[in-house]
Amino acid sequence: MTELIKEQHLLDTITNTFKLKGRVIRDRRVEVFADKELVSSILLFAKNQQGFIHLAHMTCIDWIDENKFELIYTIWSPVEKIHLFVKTKIDRENPEMENIDSIWDQANTYEREMREMFGIQFPGLIGEQDFVLEDWDEMPPMRKDFDTAKYASETYFQRPGREDAKDVRETISERSGTKVPDFAKKYSREK
Amino acid sequence: MINDKDSQKIVDFIQNFARKQSLFVMAYGTGCGAIEIPATMTSRYDAERFGIRGAATPRQADVLLITGYLATKTLKRVIRVYEQMQEPKYVIGFGSCTINGGMYFDSYNTINALEQYIPVDVYINGCMPRPESVISGFVKLQELIQQGKADNGKKYRENLEWYRANQKKIIKNWKMPDYNW
Amino acid sequence: MEDLGLKIFGAILTTILGFVVGMTYGGIVRKLTARVQNRYGPPFYQNFLDLLKLQFKKTNIAHGFMGHMAPVWIIIAAVTVLMFIPILNGHLWFPNLSFHGDLIFLLYMMVFGSLGMALGAGQTGNPNSAIGVTRGLSQMVGYEIPFVLSLVALMIQYKTTSVQDLTQIQHETGVWLAVANPFAFLAALMASLGMFRYSPFDIVGAPAELASGPVSEFGGKYLGTMMSGGAIFSFIKLTLYVHLFLGGAGNPEKTGIIAILIGLGILLIKTFILYMVPVFYGWINPRYRTEQAIRYFWGWPTALGIIGVLWAVY
C-alpha cells in the first residue's frame with residue numbers, strides 16, 4: 001500500500017483525533033464513520049486544519065431493516081485531491097440532525113431536500129417548507145415504506161393496457177398486415 | 001343563388017384552410033422531448049414549410065405542444081398556459097409520458113394520462129418520437145382541422161367542471177386566477 | 001368633383017398596394033431566409049395565411065381602452081402616412097396629399113405608430129411588453145438621429161421640404177440624390193437597418209428573451225391588425241427612400257396605363273433591392289444589445305450624416 005500514503009495519513013489523523021473507525025476505500029477515497037454529535041466537529045476540523053474546503057455533496061440512505069437513516073457528507077480537498085466521506089447513522093423515528101449551513105452555505109439546499117424527501121429535521125434551517133414538491137401532505141416520498149406505485153395508482157389515472165398482452169411489434173403486424181421482423185421474434189411473449 | 005348553408009360551407013372551408021396552414025406552436029418543453037423541437041424546426045426537417053411556427057406567448061399560440069412527462073407542479077403551469085390561449089386551440093401530447101406515464105408510470109409526482117386534465121387532439125407516441133413522427137402528428141392535426149373535428153377548446157369550456165374536478169384532485173392548493181374566456 | 005372621385009379611388013388603390021406589397025415582401029424574406037438556412041421554407045404567401053388565421057381567431061381578453069386602440073392606432077398611422085407618400089411621381093391616380101413641408105410632417109408621423117404600440121403595450125401590464133417598449137424607444141432614439149441628419153442635408157441642399165419637389169429635381173436633372181449627396185444616402189441607409197427591425201436590431205421583439213416584446217399580450221385580430229400596419233409601414237419607408245434618394249418612379253409627362261405599370265414595376269424593383277439591404281445585413285449578424293445598437297447608430301451613421309450636412313452647406 002505504498003501508493004496510499006497520503007490517504008492513510010489523513011485517515012490516521014482524523015481517527016486518532018476523534019477516536020473513530022474508518023478505512024481507505026481506494027486512492028483518493030477515504031471514509032470515516034462517526035456519531036451524530038461528532039459530525040460537525042469533524043467537518044470543521046477537516047475544513048480548517050486539513051484543507052477540505054469544499055462540500056461536494058450531502059445525501060441520505062434509508063436503511064429500513066436497521067431502522068436507521070445514514071447521512072453521508074462528501075467533502076473535497078483541492079490540495080490533497082482526496083474525497084472524504086463522513087458517514088453517520090441517525091434514528092428513523094423523529095430523525096433530527098445538526099444543521100451545518102453555517103459551515104458551508106450550499107448545505108442549505110441539500111438539507112432542505114432531505115427535509116422534504118426523508119422528513120429529517122434540521123433545527124434552525126432557513127427556507128420554505130416546500131422545496132421541490134408543492135403542497136405535499138403525504139409521507140415523505142423517498143422513504144422506503146412509502147409505496148409509490150400504490151400512491152400513483154390511487155392518485156393518477158392509469159390507462160389500461162392492451163388486452164392481448166403481446167409484444168408490441170406483433171400487435172402492429174396484426175393490425176397492419178405486415179410481417180414481424182426476424183430480430184423481433186425473440187421478444188415474443190407467446191409460448 | 002347560394003343559400004345560407006352553402007355559403008356557410010364555403011366560409012368554413014376557407015376558415016379551416018387558413019387555420020390548418022398557419023399553426024403557431026407554443027412548445028411547452030418539459031422533459032427530454034424539448035430537444036426534438038429544434039431538430040424539427042431547423043433545416044433537416046423544416047416544419048416551417050407546413051406553416052408551423054413558434055409562438056413565444058400563449059396569447060398568440062394555436063397549438064400547445066407538451067413534450068414529455070408532467071409533474072403535478074408543471075401541470076399547474078400547463079393549465080394556466082392552456083387557459084390563456086385563445087380559441088381555437090389545440091393540444092398535442094408528445095411521447096409516451098403524456099399517454100400513459102411512460103417510464104414514470106409509478107412515480108409519485110407525475111401524471112399518467114394528460115387527457116384527463118386538458119383535452120388532447122393528437123397524441124404522438126414514442127420515447128422519444130423522432131422529428132418525422134412529430135411532423136406526421138402535425139399533419140394529422142391539420143387533417144382534423146380541415147374536417148372541422150378539432151374544437152377541443154369548446155369541449156373544455158363545456159366540460160369545465162369535470163376537468164376542474166380532476167385538476168383539483170391533484171393540485172391541492174389551487175391559487176389561480178379565474179379567466180373569463 | 002371628378003377629381004375628388006379619382007383621388008379617393010387612388011387612395012384606396014394605394015392602401016391595397018401598400019398592404020399587398022408589404023405582406024408579400026415579408027413572405028419573400030421568410031422564404032429567402034429559409035433558403036439561406038438550407039431549409040425549404042414556407043410559401044411566399046404564408047403571411048397572408050397567417051393574417052387570415054389571426055383574423056379568424058376569437059379574442060376573449062380585454063386590457064383596457066389603449067389595449068383595444070393600439071392596433072387601430074397603428075393602422076391609422078400607417079394609412080395616414082401612406083397618403084402623404086408619393087407612390088408614382090406626379091400621377092393623378094396616386095395623388096397623395098403632399099404639400100410643401102411634408103417631409104417634416106412625415107418625420108413626426110412615422111413615429112406615431114410606434115407611439116401607439118408603446119401606449120397599448122403599456123396598458124397590458126405585461127413586464128415583457130414594458131421592457132420591449134423601452135428598448136424599442138431607445139433604439140428609435142438611436143436611428144432617428146442619422147435619419148434626420150440625412151433629411152436635413154437634403155433640405156439644405158435643395159432648399160425644399162417637399163418629397164414631390166425632391167423627386168421632381170431628380171427627374172429633371174437625371175442625377176439621383178444618392179449620387180448628389182452620397183453621405184446623406186449612406187447615413188439614411190444605415191438608419192434603415194434599425195427601422196426594419198431585422199437582426200441585428202431585433203432586440204425589441206426577441207422571442208426567447210422577451211416573449212416577443214411589446215406584442216406579447218396581443219393575439220388574434222389585434223396581432224393581425226398590427227401585422228398589416230407593420231407591412232404598410234415597411235412599404236412606406238421603402239417608397240420614401242426610393243423617392244428621396246433613388247430617383248423615384250414614374251414619369252409625370254406620361255399618364256397612360258402602360259406608363260403606370262412600368263412605373264410600378266420600377267418602384268417594385270427599387271424597393272425590393274432596398275429591402276434586401278437590412279435583410280442581408282441581418283443574415284450575417286447576431287443580435288445587438290440596446291446599448292450596442294445605440295452606439296452603432298451614434299457612431300458612423302451620425303458622422304456620415306454630419307458630413308452630409310456639411311457637404312450640402314458648402
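List of remarks:
- A dipole drawn for chain A from +1 and -1 charges on Cβ atoms has a positive end, and of A:PHE157, A:PRO95, A:LEU4 the residue lying farthest that way is A:LEU4.
- Between 0 and 90°, nearest 10: helix B:131-146 axis offset from chain B longest Cα axis: 50
- Extended-chain gain in nm, criterion 0.36 nm per residue less alpha-carbon gap, A:THR15 and A:LYS166: 48.5 nm
- Here segment C:115-252 is assigned +1 on the Cβ of each Lys and Arg and -1 on the Cβ of each Asp and Glu. Its dipole about the Cα centre then comes out at about 60 debye.
- Under the span-like rule (Cα at least 30 Å along the axis, Kyte-Doolittle mean at least 0.0), DSSP H helices of chain C: C:2-36, C:102-124, C:127-158, C:221-245, C:257-283
- Per-residue [θ]222 nm for the protein assembly as shown (sum of -39500 (n - 2.57) over DSSP H runs n ≥ 4, rounded to 500): -17000 deg cm²/dmol
- When you filter the GluC sites (Glu not before Pro) in segment C:209-308 for DSSP loop state and at most 13 other Cβ atoms inside 10 Å of their Cβ, you are left with C:GLU253.
- Only the Cβ atoms of Lys and Arg (+1) and of Asp and Glu (-1) were treated as charged; on that basis the dipole of segment A:1-133 about its Cα centre amounts to roughly 640 debye.
- Cross-link partners of A:LYS21 among lysines, defined as those whose alpha carbon lies under 24 angstrom from its own and excluding same-chain residues fewer than eight positions apart: A:LYS6, A:LYS36, A:LYS47, A:LYS68, A:LYS81, A:LYS87, A:LYS89.
- For the pair A:LYS81 and A:GLN129, a Förster radius of 35 Å applied to the C-beta separation gives a FRET efficiency near 0.35, rounded to the nearest 0.05.
- Partner lysines for A:LYS166 [C-alpha distance under 23 Å; skip if fewer than 8 residues away on the same chain]: A:LYS179, A:LYS185, A:LYS186, A:LYS191
- Peptide packing: for A:116-128, C:71-83, the average count of neighbouring Cβ atoms within 10 Å per residue gives the ranking C:71-83, A:116-128, highest mean first.
- A Förster distance of 30 Å, applied to the separation of the beta-carbon atoms of A:ILE25 and A:LYS144, puts the FRET efficiency at 0.75.
- Look at the dipole of chain A built from charges on Cβ: of A:TRP76, A:ILE126, A:PHE146, the Cα furthest out on the positive end belongs to A:TRP76.
- Contact order relative to length of chain A, as percent, for alpha carbon pairs under 8 angstrom and 6 or more apart: 13
- Zone of C:ILE104's modelled label, taken as backbone nitrogen in segment C:292-310 under 19 Å from a point 7 Å along Cα→Cβ: C:309
- Local electrostatic count, C:MET110, Cβ distance below 11 Å [Lys/Arg +1, Asp/Glu -1]: 0
- Rounded to the nearest 10 degrees, the inclination of helix A:107-118 to the longest alpha-carbon principal axis of chain A is 50 degrees.
- In nm, spacing of pseudo-spin labels at B:SER43 and B:TRP174 (7 Å Cα→C-beta vector): 5.0
- Inter-label distance for B:GLU158 and A:ARG189, nm, one decimal - labels placed 7 Å from Cα along Cα-to-Cβ: 3.7
- Near B:GLY68, once Lys and Arg are set to +1 and Asp and Glu to -1 for all other residues with Cβ below 15 Å from its Cβ, the sum equals +2.
- Shielding by partners, peptide C:27-33 (average Cβ within 10 angstrom, other chains): 1
- Relative contact order for chain B, counting Cα pairs under 8 Å that sit 6 or more residues apart, in percent: 21
- Considering only B:GLN147, B:ILE171, B:ASN100, and ranking their Cα positions along the charge dipole of segment B:98-171 that arises from unit charges at the beta-carbon of Lys, Arg, Asp and Glu, the one farthest toward the positive end is B:ILE171.
- Residue separation of C:VAL179 and C:LEU115 scaled by 0.36 nm, minus their Cα-Cα distance, works out to 19.7 nm of gained length.
- Angle in degrees between helix B:72-84 and the longest Cα principal axis of chain B, rounded to the nearest 10: 20
- Applying 1/(1 + (r/R0)^6) with r as the Cβ-Cβ distance of C:ILE258 and C:LEU13 and R0 = 22 angstrom yields a FRET efficiency of 0.85.
- Members of B:LYS89/C:LYS237; C:LYS31/C:LYS57; B:LYS5/C:LYS53 lying beyond 28 Å, as alpha-carbon distances in this model show: B:LYS89/C:LYS237
- Fraction of beta bridges assigned by DSSP in chain B that are antiparallel (%, nearest 5): 5
Each value in this text was obtained by applying a stated rule to the coordinates, not by laboratory testing. What you see is a predicted model, and the numbers here were worked out from it, not measured in a lab. A quick note on method: Cβ atoms are made from the backbone with ideal geometry, for glycine too, and the neighbour counts reach across all protein chains shown.
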